[in-house]
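Structure first, then comments.
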Amino acid sequence: MATADSIEKRREYMRVYLRKWNAENPERKRALHARWRKANPEKFRASQRKWWSANKEKVRERQRAYAKKNPDKIRARYRRYRDKNPDQFRAHRRKLKGLPEATRPCPELCECCGGPPTGRQSLHLDHDHETGAFRGWLCSVCNTAIGLLGDNLKGAQKAVTYLSAVSKPLTPT
């Protein structure tokens, strides 16, 4: 019968042996590990979660150091994600800005003037600043104009009244 001391000696011997074997056979170790991961995906995910939760700060510090050392790669990765997932990216940005969720998909043309988005920008999500409710999709020009008019019907009516008063009547040509 094995004693606790002999069991511990055997374990230590195996640790040393395996460390040496792994150092001498990195390709075989990688292949064995890949085969085990493929055969035991649940165990592999569980071990990853366990290791990650035990080493969160270590992982985050490594990520921060990598990002600081490779800002161009991080920007490129961010750009690739943004280009592949434009709708998700825009929704996430709106959420960060505290804007409401859109109740309908973004159309091709502005819902105010009927024109296409100006420049490289897409249509803007218009919302009521008092209630936070989604109102519609506007081009940059319409969104700016409505904002400058006070973002309410009263400001728009004052502009219509002014334009009516100073405009020449339309005459047929």
task = Provide a single number: the residues in the stretch 90-139 that are surrounded by 11 or more Cβ atoms within 10 Å (Cβ to Cβ), within 19 Å of the chain's Cα centre (by Cα) and not hydrophobic (A, V, I, L, M, F, W, C).
result = 8
task = Could you tell me whether T118 is touching a helix residue (DSSP H, G or I) at 6+ places or on another chain (Cβ under 9 Å) and of a type outside the set (F, W, Y)?
result = yes
remark   = When the stretch 140-155 is checked residue by residue, the ones that are over 24 Å from the mean Cα position of the chain (by Cα) and either surrounded by 12 or more Cβ atoms within 10 Å (Cβ to Cβ) or acidic (D, E) (or both) are V141, C142, N143, T144, A145, I146, G147, L149, G150, D151, N152, G155
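For (1) among the polar types (S, T, N, Q); (2) in contact (Cβ under 8 Å) with a residue 24 or more places away in the chain, each residue gets a yes or a no:
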residue	(1), (2)
D87	no, no
K95	no, no
P107	no, yes
Q121	yes, no
D126	no, no
T131	yes, no
C139	no, yes
T144	yes, no
L149	no, no
message = Can you find, within the stretch 107-163, the residue that is modelled with the highest pLDDT among those that are closer than 26 Å to D83 by Cα and aromatic (F, W, Y)?
response = W137
key: Test result for F89, assigned to a helix (DSSP H, G or I), at pLDDT below 90 and not aliphatic (A, V, I, L, M)   = yes
key: Close pairs (8 angstrom Cβ cut-off, 6 or more residues apart or separate chains): surrounded by 10 or more Cβ atoms within 10 Å (Cβ to Cβ) and part of a helix (DSSP H, G or I) in the stretch 24-35, of a type outside the set (G, A, S) and modelled with pLDDT under 95 anywhere   = K29/W21; K29/N22
ask   = Within the group A67, A76, A102, which residue is part of a loop (DSSP other than H, G, I, E, B) and more than 30 Å from L18 (Cα to Cα)?
value = A102
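The values are calculated or read from the model by the stated rules, or taken from the named source; none is laboratory data. Everything numeric here is computed off the predicted structure, so don't read it as measured data. Here Cβ is always computed from backbone atoms with ideal geometry, including for glycine, and neighbour counts include all displayed protein chains.
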